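Each value in this text was obtained by applying a stated rule to the coordinates, not by laboratory testing. Computed from a predicted structure; not experimentally measured. Quick reminder, even Gly has a Cβ in these numbers, built from the backbone with ideal geometry, and neighbours come from all protein chains shown.
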Amino acid sequence: MARILIVDDSPSQLFQLRKIVEAMGHVVVTAEDGLQGVEVAKREIPDLILMDVVMPNLNGFQATRSISRDASTSHIPIVLVTTKDQETDRVWGMRQGAKGYVTKPINESLLKKTIQDFLKSA
């Protein structure tokens with residue numbers, strides 16, 4: 001059982017992602033924007049982070065960069081889960097420190113496989 005941080009400003013997306021992750025047997029911690037996501041990541045040190053991109057305060061790219069460049073959290077894999085589906089978005093996300101990229105609407109089986117793959121390699 002892993003501890004997974006889900007960062008998304010949409011209550012319906014948080015609910016959907018939480019349902020999928022908890023059904024896999026993992027513990028979920030949530031944050032409602034990028035700034036809160038960075039704070040929760042530092043406090044909880046999750047095994048994996050699922051990060052939205054379009055959010056207030058600090059967007060997902062900025063939050064990913066902050067988490068991946070901080071010595072206390074740089075080891076945590078971040079998967080961007082976003083509606084931004086352009087190749088330039090994907091490349092930019094990886095440059096910020098993301099290790100994976102899943103587009104919305106969520107393909108549940110792809111998300112589950114992505115989570116399993118990252119947790120196996122951890």
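Things to note:
- For the pair Glu39 and Met1, a Förster radius of 25 Å applied to the C-beta separation gives a FRET efficiency near 0.60, rounded to the nearest 0.05.
- For the residue pairs Lys42/Lys99; Lys99/Lys120; Lys19/Lys104; Lys19/Lys112; Lys42/Lys84, the C-alpha atoms sit more than 20 angstrom apart in Lys42/Lys84.
- For the chain, modelled as a GNM whose springs connect Cα atoms under 10 angstrom apart, the maximal fluctuation among Gln13, Gln36, Gln86 occurs at Gln86.
- Result for the chain in a Gaussian network model with C-alpha springs under 10 Å: among Gln96, Gln16, Gln62, the largest mean-square fluctuation is at Gln16.
- Anchor Lys113: aspartates and glutamates whose Cα lies under 16 Å away (excluding residues fewer than 8 positions away in-chain): Glu22, Asp47
- Extension reserve of the Ser12-Val91 stretch, reckoned as 0.36 nm per residue once the Cα distance is removed: 25.8 nm
- Under 13 Å from the Arg69 label point (7 Å along Cα→beta-carbon), backbone N, the range 80-103: 95-98
- Leading residue at positive end of dipole, the chain (Cβ point charges), from Val27, Ser72, Leu5: Ser72
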